[in-house]
Structure formats: C-alpha cells, structure tokens
Amino acid sequence: MANGSAKYSGDEENMFMKYGYLIDRIEWPFVKLKHELNCSAVFDEWLAIANAYNGSQEPPREIPLDLVSEYTLNNLARHEKWYLSDNHNSAEPPKWTEAYIDQLVRNGSVANESPYESVYSSTAFHSVANMTGLVVGSLTPWVEMICLKNGAAKLITSEYMKIESTHPQITYAHPIDMAKNWKRYYQSMDFVVSFSSIEHSGLGRYGDPLDPIGDLREMRKIQCFLKRGGLLFIGLPVGVDAVVFNAHRIYGRLRLAMMFEEVPSVRPNCNSSSLEEHKGFDPEAVQF
C-alpha cells in the first residue's frame, strides 16, 4: 500500500531533497533535476556499503522495519512481496571462451525475441560499432553477444558472480574492484548497457547488502564511467512506483526522475505487454 496521490511540491521536501535532489522543472519524462555529481564521494559511499557484502548469506525475506520508509520513498511507493534467492556466490564460475562467444555471435537469434530484439535494435540504431562499452549485470553473455554483433570493439562486464572470460574483446571486472579503481575507468566508456539488473540493486536478492537507494547509486556510478555524450541503454520495469521485495523495483514518475537525473535525452522503446502488466501508469516506454 502507498499513500495515494501526491503533489510534486510536497515530494520535493519529503523525498527528493532527502536524497540530494532539487526539482528544476516539472515535465515528462521529468528527468531534469539539480544535483552536483562528485564521483569521489559516489564511490566512497558505495564502497562503504558494498564492503558489507556477504555472498554466502541467505537473501532477506522482509524489509527491516527501520528501512521500510527508505525503500518506499516515505510510503509514496507501493510495498509488495515476491521472494527470490539468486545467490550464485558458491556456483562454479561460468567460462566465456572465445569459441563459445564467437559461436553465439554467429548463430545467436535476436529478431523478434524480447528482450534481445530491443537491445539489438537500440545498439544498432545508436551505433556501438568500434566502441568500448560496459555491461552492468550479466549472468549469461546475451548482451555481450548482441554488442559484438553490432560491432563493439571492447566490452567490460561488471558482475558480482565471478566470470572467467578468455575472449579477447570481453574483460570481467568485479563491481568492488571497479569502484576501488574508479579513476582508471572514469569517463572511459563510450556506452553502458544494463538490462534487468539495476532494479535489483540493494534488495539483497543476489546476496548484495541492503541499500534502499542501491539503484540510484548504480546510476551515479554509470554517470562517472560514461564519457561526455556517451550512450546508456537500460531496461527497467516501469509502472506505478513500487518496491517488490526482494525481487525488484517498478519505476514510476518519482523514482524515474532520480534515476535519469542529468540525462540529456531519453528515447523510449515501448513494450506494451509490460505496460499492461503494471496498470495505472502510462509511461510511454519500458526500455530506454
């Protein structure tokens, strides 16, 4: 349950200002917010939480009572339940060999298969050819396969689960290692792709530490990694603002505003089935 309707004037004081944002102007897609990005502080704050990571612990089933208000944006977002345990810390690291990846690039199907088609068409339309990109969250290399199909020169995959990549164009980097060495990656990425990943951040589903604004921290990290004018391809569930603990978040007008702070433009790739699933909000898009 949530508090129902609210005015942006009240939201600024009760929610946005709490996380360091100010409303610049009210519009849809409502992505223009005032906030000065300090990358050193971004990674220091992220590491302070990430260092509490315990990949062996069982994911939590309930939001701790003292964090409910934080997770629900002062009860402006719905609080729903869907428990998943996807801690892969003890699993054998997948091996991404050159032969395996190249076979996927040659034979992998992308046409008319969501989400493959949307990522393929987006990275083709906004060409990633000859570019260096970062993939945030990747249990299987389907995003990497698509980027290589569309001509990407080099990819770095950031994922909590260890990956053994011997492909000459794909390098694995643990998120904590990237954060510790963030200056090495600062504004070095031509593009970033994250599909069905960031909405889980901070929910503990994958053994990650609880953090009510884990997704917002990920977006700030991405802004630090991207070159000026770089491309961000992101897939998120969109509807009425909600936290479905511990599965994912659903993004509405409130949380999207903070997610896309200082993003100069948003080009939607509409998915009508997802719009129907999350009734009550017409966002015009699901993947951006």
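Go through the stretch 151-167 and report how many residues are within 15 Å of Gly133 (Cβ to Cβ) and at pLDDT 95 or above.
Step one: of the stretch 151-167, the residues within 15 Å of Gly133 (Cβ to Cβ) are 151-159, 165, 167.
Retained after the next criterion (residues that are at pLDDT 95 or above): 151-158, 165, 167.
Final tally of qualifying residues: 10.
Residue count for the stretch 67-79 under the criterion of being assigned to a helix (DSSP H, G or I), touching a strand residue (DSSP E or B) at 6+ places or on another chain (Cβ under 8 Å) and surrounded by fewer than 18 Cβ atoms within 10 Å (Cβ to Cβ): the result is 1.
At least 3 residues being crowded, with 19+ Cβ neighbours inside 10 Å and not hydrophobic (A, V, I, L, M, F, W, C) is the threshold, and among the helices (runs of 4 or more DSSP H) wholly inside the stretch 139-245 those reaching it are 214-225.
Which one of these is at pLDDT 90 or above and in contact with a helix residue (DSSP H, G or I) (Cβ under 8 Å, 6 or more places away or on another chain): Ser109, Ser138, Ser127? Step through it out loud before you land on a result.
Values: Ser109 fails: at pLDDT 90 or above; Ser127 fails: in contact with a helix residue (DSSP H, G or I) (Cβ under 8 Å, 6 or more places away or on another chain).
Residue meeting the stated conditions: Ser138.
Before we move on, is Pro268 farther than 27 Å from Asp86 by Cα, buried (at least 20 other Cβ atoms within 10 Å of the Cβ) and at pLDDT below 90? So Pro268 fails the test.
Is at least one residue of the stretch 237-246 of a type in the set (Gly, Ala, Ser), in contact (Cβ under 8 Å) with a residue 60 or more places away in the chain and touching an Asp or Glu at 6+ places or on another chain (Cβ under 7 Å)?
Within the stretch 237-246, the subset of a type in the set (Gly, Ala, Ser) is 239, 242.
Those left that are additionally in contact (Cβ under 8 Å) with a residue 60 or more places away in the chain: 242.
After this cut, where a residue has to be touching an Asp or Glu at 6+ places or on another chain (Cβ under 7 Å) as well, the list is 242.
Checked the stretch 237-246: at least one residue is of a type in the set (Gly, Ala, Ser), in contact (Cβ under 8 Å) with a residue 60 or more places away in the chain and touching an Asp or Glu at 6+ places or on another chain (Cβ under 7 Å).
When Arg255 is tested against (1) touching a residue at least 40 places away in the same chain (Cβ under 8 Å); (2) in contact with a helix residue (DSSP H, G or I) (Cβ under 6 Å, 6 or more places away or on another chain); (3) part of a helix (DSSP H, G or I), only condition (2) is not met. The condition of being of a type in the set (Asp, Glu), within 18 Å of Val119 (Cα to Cα) and modelled with pLDDT of 95 or more holds for only one of Glu199, Glu284, Glu218, that being Glu199.
Look through Ser90, Ser85 and report the one residue that is modelled with pLDDT under 85 and assigned to a loop (DSSP other than H, G, I, E, B).
On the way: Ser85 fails: modelled with pLDDT under 85.
Unique residue meeting the criteria: Ser90.
If you filter the stretch 45-66 down to residues that are closer than 14 Å to Asp211 by Cβ and assigned to a helix (DSSP H, G or I), you find that the one that is modelled with the lowest pLDDT is Ala50.
The values are calculated or read from the model by the stated rules, or taken from the named source; none is laboratory data. A quick note: this is a predicted structure, and the numbers were derived from the prediction, not measured. Counting neighbours? That spans all protein chains shown, and the Cβs are built from the backbone with ideal geometry, glycine included.
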